[in-house]
Amino acid sequence: MTSFLGKLFPAILMAVFLLTTAPAAYAQLDQRVSPASPSTKEEVELYEQLQGKLSGYVSIPDGKLATLVQPEGREWRDFRNYYGRIISAVMMLGMLALLGVFYLFRGKIRIAAGRAGRTVTRFMPIDRFAHWLTATSFMILALTGLVLSFGRPLLIPVIGHEAFTALSTYGKYSHNFLSFPFVLGVLLMLVLWIKDNIPEKADITWIKQGGGFLNNGSHPEAGRFNAGQKMIFWTIILGGLAMAVSGYMLMFPFYLTGVGGMQISHIVHLLGTAVMVSVIFGHIYIGTVGMEGAFDAMGNGEVDLNWAREHHAGWLKTQGISTDTRDGPSKVPTGGGPVPGLGQHAGAD
Amino acid sequence: MARMKFLCDSDRCIECNACVTACKNEHEVPWGINRRRVVTLNDGMPGEKSISMACMHCTDAPCAAVCPVDCFYTTADGVVLHSKELCIGCGYCFYACPFGAPQYPNTTNFGGRGKMDKCTFCAGGPEEDMTMVEYHGYGTNRLAEGKLPLCAEMCSTRALLAGDGDIIADIYKERVVRRGYGSGAWGWSTAYKNDRAV
Ligand code: HEM
C-alpha cells in the first residue's frame, strides 16, 4: 500500500506540474487564438517591428548567414555614401585651400642668408629609398582608393560604366599589391628615424613659435627633425599602421570579424585616408613649392649648409658644424680628411 | 505593374530546405554560394521559428546605394538585379545588406572576391531574356516565361510566398485572421519601409 502511494505521489506531482506550466510554454509559441488575435485583415500586423539584430541557426557551412537581419547596414550605408564622403572631401579640399591661402600670404620660404654653396649630407641612400618607396606607393594607394570612394559620383558620369569598372578593377589590383611596399616603407622609416623623432622639450618651443612659419627670420632651433616633421612622422607611422590593419581586414574579409567589424574597418580606412592625405598635402607643399632648399634633402640627400643652419641648427651642432650663417663655407671645420656629412653642392647658385 | 516581393510565413515554415535546394538546382548555383537559406530562430526551444531568407528586393536597396561601380538596377517589377560585367567584387553590398543576401565565389579580396551573386527573383540578369549567356551568368529567367520564383512555387507548406506584394500580403492577412495568430512578414519593415501604404 505504501509503495503504491509512493509511486502515485510523484505521478500526481508531475501531472500538476505539466498542467500548470504547459499553458505558459504554449503561450510562448504565440500560436494560439487569444483575445488579442486579429479578427479582420486590417488588424494584421504585417510590418512587425524588429528590435536590433536577429540571429539564429543555419544548416549551411557559412556562419555569417545565420544572421537574419542586421540593421547596422543602414548606418554604414549613410557613412559610405554621405558622412564619409563629406568628411574626407572637406578635410582634403580644406587642406588644399589652407595651403593656397598660406602661399598667397607667406610665399615661398627662402633661405634668409642665401645658399652657402656647400652642402651637408642629410639623408643616406637607404633613407631616401624608404621615403620614396613609401611615397610612391602611398600616392597610388590613395588615388586607386579614392576612385572607389568618389568615382561613382565624379567619374562614372564622365567616362561611363564600362570604363569605370575597368579602371577600378585594375585600381583594386594595384591597391592590393602596393600595400606590401607601402608597409615595408613605413616599417623601414620607423626603424631608420624613430631615434630622431622622440618628442622633446625643444618641440614645445617650436610649436609655441609656430615653427617660424608665420614671421620671417625667426627660426626656432630644431634637431634632425623639428616638431612639425615629428608630427608628420608619427602620423605616417601610426596612420600607416591603422591603414594596414584596416586594409588587410578588408582584403581578407571575415577572417577576424563579422559584418560589424568589416564596417568599422571600412570606416577607419576611409577616415585614415582623409587624415593621411591632408597631412601629406601639407608635407608635399613644404617639401616643394613652400620652402627653398627643402626638396634637396630627399632629392639627392644633400642640403645646402645655410638651409641646415636655419632650419636644423641643433642637428648641425651634433655633426660638429658651425651654425652661424655669417660664417662662410670656408669656416666649416674641414680638418685633415673629408668631413663626414659635408660635400659640394652640385647645383649651387 | 506588379511590385514583386517575398513573404515568409514563419508559422508555416518547417525548415525542410526545399526552397534552398530548388534554387540551387534551378540556377546551377555554384558550391559555396547560397542565394537562399533557412534561418531558425530559438532552435530547439519554445518559440522556435524558421524563416526562409534571400534577397528581399528592397525598395531603395542598400546594396545599390553603396556599390562603388553602380552595377545594380531595379526592374519594372521592383526586382533588384545587378550586372556581373560591371561588378568588381569589392564586397561592399554585403556590408550594407540587412539580409546577408550577396554572395561571392572567393573568400578573400586579394585580386577580387569574384563577381557577386544573389537571388534574382528568378528574373535573370541584364543580358537578353532566356539566352544561354543570361542563364550562365544569372540562372533561369522564369519571370520572362510567365512563372513565379521556383522556391515559392514548390514550397510544400506554402510558407514562402512570392509575387505581387499586395496579393501575397492579402493572402497572408487572410491566413492570420483565420488561424488567429501570425508573427508578421519577416524583414518587410526593413526592406519595404518606404512603401508602407500596403
Ligand atoms: C597599408 C595597406 C593597405 C591595404 C592592405 C589596403 C587595402 C584596401 C582594401 C582591401 C580596400 C577595399 C576595396 C576593395 O578591395 O575593393 C581598400 C579601400 C581603400 N583604400 Fe586601402 N589599403 C591600404 C592602404 C591604403 C592607403 C595608404 C590609402 C590612402 C592613403 C588607402 C586608401 C583607400 C581608400 C580611399 C579606399 C576606398 C574606401 C572607400 O570605399 O571609400 N589605402 N584598401
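The values are calculated or read from the model by the stated rules, or taken from the named source; none is laboratory data. Just so it is clear, the model here is predicted, and its values are computed rather than measured. Cβ: placed from backbone, ideal geometry, glycine included. Neighbour counts: every protein chain shown. Remember, those area values only see protein heavy atoms, side chains included, never the ligands or the DNA or RNA. Shrake-Rupley method; radii C 1.70, N 1.55, O 1.52, S 1.80 Å.
Within the stretch A:246-318, which helices (runs of 4 or more DSSP H) (wholly inside it) include 2 or more residues that are touching a Gly at 6+ places or on another chain (Cβ under 8 Å) and within 16 Å of the ligand (Cβ to nearest atom)?
Details: elements: A:259-287, A:295-299, A:305-311, A:313-318.
In the stretch A:246-318, A:259-287 are the helices (runs of 4 or more DSSP H) which contain 2 or more residues that are touching a Gly at 6+ places or on another chain (Cβ under 8 Å) and within 16 Å of the ligand (Cβ to nearest atom).
In the stretch A:101-120, the residues that are at positive phi form Cβ pairs under 9 Å with partners that are of a type in the set (S, T, N, Q) and surrounded by 13 or more Cβ atoms within 10 Å (Cβ to Cβ), at six or more places apart or across chains, as follows: A:Gly114/A:Asn306; A:Gly114/A:Thr325; A:Gly117/A:Asn306. Considering only residues in the stretch A:71-97 that are touching a residue at least 24 places away in the same chain (Cβ under 8 Å) and of a type in the set (A, V, I, L, M), the one that is surrounded by the most Cβ atoms within 10 Å (Cβ to Cβ) turns out to be A:Met92. Please determine, by comparing only the residues of the stretch A:182-208 that are of a type in the set (Asp, Glu) and in contact with a Gly (Cβ under 8 Å, 6 or more places away or on another chain), which one is farthest from the other protein chains (Cβ to nearest Cβ). This residue is A:Glu200. Of all the criteria given as (1) in contact with a Lys or Arg (Cβ under 9 Å, 6 or more places away or on another chain); (2) in a loop (DSSP other than H, G, I, E, B), the one not satisfied by A:Leu148 is (2).
Looking only at the stretch A:257-267, decide whether some residue is over 21 Å from the mean Cα position of the chain (by Cα) and open to solvent by 20 Å² or more (accessible area, probe 1.4 Å).
So far as the stretch A:257-267 goes, yes, one or more of its residues are over 21 Å from the mean Cα position of the chain (by Cα) and open to solvent by 20 Å² or more (accessible area, probe 1.4 Å).
Within the stretch A:222-233, at least one residue is touching a Gly at 6+ places or on another chain (Cβ under 9 Å) and either within 16 Å of the ligand (Cβ to nearest atom) or hydroxyl-bearing (Ser, Thr, Tyr) (or both).
In the stretch B:29-45, the residue that is farthest from B:Cys119 (Cα to Cα) out of those that are without any contact (Cβ under 8 Å) to a residue 12 or more places away in the chain and more than 8 Å from chain A (Cβ to nearest Cβ) is B:Met45. Being out of contact with any Lys or Arg (no Cβ under 9 Å at 6 or more places or on another chain), open to solvent by 50 Å² or more (accessible area, probe 1.4 Å), facing another protein chain (nearest Cβ under 7 Å) and at pLDDT below 95 is a description that applies to B:Phe110. Screening B:Asp70 on (1) buried (at least 24 other Cβ atoms within 10 Å of the Cβ); (2) modelled with pLDDT of 95 or more; (3) touching a Leu at 6+ places or on another chain (Cβ under 9 Å) shows it passes everything except condition (1). Among the residues of the stretch B:170-182, is there at least one that is within 17 Å of B:Asn25 (Cβ to Cβ) and over 13 Å from the mean Cα position of the chain (by Cα)? No, the stretch B:170-182 contains no residue that is within 17 Å of B:Asn25 (Cβ to Cβ) and over 13 Å from the mean Cα position of the chain (by Cα). All of A:Ile198, A:Ile204, A:Ile194 fail the test of being outside any helix (DSSP H, G or I), out of contact with any Ser or Thr (no Cβ under 9 Å at 6 or more places or on another chain) and open to solvent by 50 Å² or more (accessible area, probe 1.4 Å), apart from A:Ile198. Of all residues in the stretch B:158-176, those that are surrounded by fewer than 18 Cβ atoms within 10 Å (Cβ to Cβ) and either within 13 Å of chain A (Cβ to nearest Cβ) or not in a strand (DSSP E or B) (or both) total 6. For the stretch A:131-181: of the residues being near the ligand (Cβ under 8 Å from one of its atoms) and polar (S, T, N, Q), which is farthest from the other protein chains (Cβ to nearest Cβ)? Selected residue: A:Ser137. Among all residues of the stretch A:147-157, there is at least one that is open to solvent by 40 Å² or more (accessible area, probe 1.4 Å), more than 25 Å from the chain's Cα centre (by Cα), modelled with pLDDT of 95 or more and within 21 Å of B:Cys67 (Cβ to Cβ).
When B:Glu48, B:Glu26, B:Glu128 are checked against the criterion of being under 22 Å from B:Cys155 (Cα atoms), open to solvent by 20 Å² or more (accessible area, probe 1.4 Å) and away from chain A (no Cβ under 11 Å), a single residue qualifies: B:Glu26.
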